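Asker: Mind looking over this structure? Questions follow.
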Amino acid sequence: MNHDTPHATPFPPSDSPDDASSEAPYARLTPECVLDALDSVLIPAGRRTDGRMLALNSYENRVYQVGVEDGAPLVVKFYRPERWSDEAILEEHAFVAELVAREIPAVPALAFEHRTLHSFDGFRFAVFERRGGRAPDLDRRDTLEWIGRFIGRIHAVGAMEPYRARPTLDIQTFGYEPRAYLIEHGFVPADVRDAWETAVDLALEGVEAAFERAGDVRTLRTHGDCHSSNLLWTDAGPHYVDFDDSRMAPAIQDLWLLLPGDRADAVRALGDLLAGYEDFCEFEPRELHLIEALRTLRLIHYCAWLARRWNDPAFPAAFPWFNTQRYWEDRILELREQIGAMQEGPLWPV
């Protein structure tokens, strides 16, 4: 996996109040704390952990697979402190539960004593069944159509009512605010700052123009971070995990991350996805103007996400290339490529 681009990494939050001043937010989350937290909800239900614990790949939150006596392991997710409000977390839980109630394959938070959000020693956490699967074969037309139908079903439910506590993906919070944060906190080196600012400003002008061309696009409840690593495939078909970045967004947000990089291949893949999608949900073609604009916002926001998390010890260890001279030079080239891509015009499926 290429960790130098955000295509297969978490889509960072737009409204996170914590930033680079937050010191080691998980320093107190020891293995004993993880086990005691899960036992705090399991023991009243007549179960308990067995001491086995495996850290799963997650940077924004902390996620563990934990063994349970006389039962299958469970997955427990500890939410990053101060990122989401309780109301926002519970809204996500309710959306996933709504999908499951309509027989749409997703992984809901488990309820203990009628609650899905729990707290222990200052940490908020939720518990999930362990669900396995393999990566989907995105080169297959039938697989893409199946995924399209699946996303269409999610969006048909997502369009029924809006989020109220969760934010909307927009240019301000995913473009201008990250730009300002990086400059104000001195993350861009002085010798490339002018070039980076010029590139990011031109890129944001391109984003604004793309949204103007698209017009008044509907937003709905989306998965929000719909890349292939969050999509697991079994013999029964796909299911999505990790709705942690779910937010109001245009429908295309849950489709473009599944497209390959080559433009001709992306056109074909988009056609296959939409062939399945429109079996369950109408797609507005004008949203195609937003694909490269949303990609540009993701690239800008990803830089600020890393910057905001830099005092979390997990980040320098996992992303040692961040904030090097080469890193920012590559970001300038990347933004220039996006400026050109946004000027090419939208992808039209075949």
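The values are calculated or read from the model by the stated rules, or taken from the named source; none is laboratory data. This structure is a prediction, so every number in the text was calculated from the model and none was measured. Heads up, the Cβs are rebuilt from the backbone with ideal geometry, glycines too, and the neighbour counts pull from every protein chain shown.
Asker: Starting from residues that are surrounded by fewer than 16 Cβ atoms within 10 Å (Cβ to Cβ) and touching a residue at least 60 places away in the same chain (Cβ under 8 Å), keep the ones in segment 196-210 and report whichever is nearest to Ala94 (Cα to Cα).
Answerer: Across segment 196-210, the extreme among qualifying residues is Ala209.
Asker: Is it the case that Ala318 is surrounded by 17 or more Cβ atoms within 10 Å (Cβ to Cβ) and in the same structural domain as Asp170 (by TED's automatic domain parsing)?
Answerer: Taking the combined requirement at face value, the residue does not satisfy it.
Asker: Let me ask something additional. Somewhere in segment 223-234, is a residue over 17 Å from the mean Cα position of the chain (by Cα) and at pLDDT 95 or above?
Answerer: No; the residues of segment 223-234 include none that is over 17 Å from the mean Cα position of the chain (by Cα) and at pLDDT 95 or above.
Asker: Could you grab the pairs with beta carbons closer than 6 Å, sequence gap of 6+ or different chains, first residue in segment 247-271 and within 20 Å of Glu161 (Cα to Cα) and charged (D, E, K, R), second one modelled with pLDDT of 95 or more and surrounded by fewer than 20 Cβ atoms within 10 Å (Cβ to Cβ)?
Answerer: Here the result reads Arg247/Pro167, each pair linking segment 247-271 to a residue that is modelled with pLDDT of 95 or more and surrounded by fewer than 20 Cβ atoms within 10 Å (Cβ to Cβ).
Asker: Among the candidates Leu274, Leu306, single out the residue that is under 22 Å from Arg213 (Cβ atoms) and either in the same structural domain as Ile104 (by TED's automatic domain parsing) or of a type in the set (A, V, I, L, M) (or both). Lay out the reasoning, then the answer.
Answerer: Numbers: Leu306 fails: under 22 Å from Arg213 (Cβ atoms).
None of the other options fit; the residue is Leu274.
Asker: Got a sec? Which of Gly224, Gly132 is over 28 Å from Ile332 (Cα atoms) and either in contact (Cβ under 8 Å) with a residue 60 or more places away in the chain or not assigned by TED's automatic domain parsing to the domain that holds Asp330 (or both)?
Answerer: Criteria check complete, one pass: Gly132.
Asker: Same structure again: For segment 293-315: of the residues being crowded, with 18+ Cβ neighbours inside 10 Å and not hydrophobic (A, V, I, L, M, F, W, C), which is nearest to His185 (Cα to Cα)?
Answerer: Among those that are crowded, with 18+ Cβ neighbours inside 10 Å and not hydrophobic (A, V, I, L, M, F, W, C), it is Arg308.
Asker: Considering only residues that are among the small types (Gly, Ala, Ser) and surrounded by fewer than 17 Cβ atoms within 10 Å (Cβ to Cβ), look in segment 96-132 and name the one that is nearest to Glu82 (Cα to Cα).
Answerer: Looking at residues that are among the small types (Gly, Ala, Ser) and surrounded by fewer than 17 Cβ atoms within 10 Å (Cβ to Cβ), I get Gly122.
Asker: Quick check on Arg213: is it touching a residue at least 24 places away in the same chain (Cβ under 8 Å) and in contact with a Lys or Arg (Cβ under 9 Å, 6 or more places away or on another chain)?
Answerer: Working: touching a residue at least 24 places away in the same chain (Cβ under 8 Å): yes; in contact with a Lys or Arg (Cβ under 9 Å, 6 or more places away or on another chain): yes.
Against the criterion (touching a residue at least 24 places away in the same chain (Cβ under 8 Å) and in contact with a Lys or Arg (Cβ under 9 Å, 6 or more places away or on another chain)), Arg213 qualifies.
Asker: Confirm whether Ile43 is modelled with pLDDT of 95 or more and within 30 Å of Tyr163 (Cβ to Cβ).
Answerer: No, not satisfied.
Asker: From the set of residues in segment 321-337 that are basic (Lys, Arg) and surrounded by 15 or more Cβ atoms within 10 Å (Cβ to Cβ), which is farthest from Tyr59 (Cα to Cα)?
Answerer: At the first step, the residues of segment 321-337 found to be basic (Lys, Arg) are 326, 331, 336.
Among the residues that remain, those that are also surrounded by 15 or more Cβ atoms within 10 Å (Cβ to Cβ) are: 331, 336.
Values: Arg331: 21, Arg336: 28 Å.
That would be Arg336.
Asker: Applying the selection to segment 291-308, what residues are within 18 Å of Pro250 (Cα to Cα) and within 14 Å of the chain's Cα centre (by Cα)? Reasoning before the result, please.
Answerer: Here is the first cut: in segment 291-308, the residues within 18 Å of Pro250 (Cα to Cα) are 291-299, 301.
Result: Leu294, Arg295, Leu297, Arg298, Leu299, His301.
Asker: Same structure again: If you go through segment 46-70, how many residues are at pLDDT 95 or above and farther than 25 Å from Ala27 by Cα?
Answerer: Number satisfying all stated conditions: 3.
Asker: Another question, if that's okay. Taking the stated definitions as given, is Arg164 outside any loop (DSSP other than H, G, I, E, B) and not hydrophobic (A, V, I, L, M, F, W, C)?
Answerer: So Arg164 fails the test.
Asker: Follow-up question, since we're still on this one. Pick out the one residue from Glu145, Glu161, Glu177 that is surrounded by fewer than 13 Cβ atoms within 10 Å (Cβ to Cβ) and outside the structural domain of Pro81 (by TED's automatic domain parsing). Before the answer, list the steps.
Answerer: Values: Glu145 fails: surrounded by fewer than 13 Cβ atoms within 10 Å (Cβ to Cβ); Glu177 fails: surrounded by fewer than 13 Cβ atoms within 10 Å (Cβ to Cβ).
Only one candidate qualifies: Glu161.
Asker: Name the single residue that is surrounded by the most Cβ atoms within 10 Å (Cβ to Cβ) among those in segment 74-85 being touching a Ser or Thr at 6+ places or on another chain (Cβ under 9 Å), farther than 21 Å from Arg48 by Cα and not aromatic (Phe, Trp, Tyr).
Answerer: By that ranking, first place goes to Arg80.
Asker: Where residues in segment 309-348 are closer than 30 Å to Leu29 by Cβ and in a helix (DSSP H, G or I), which of them is modelled with the highest pLDDT?
Answerer: So, considering only residues that are closer than 30 Å to Leu29 by Cβ and in a helix (DSSP H, G or I), the one modelled with the highest pLDDT is Tyr327.
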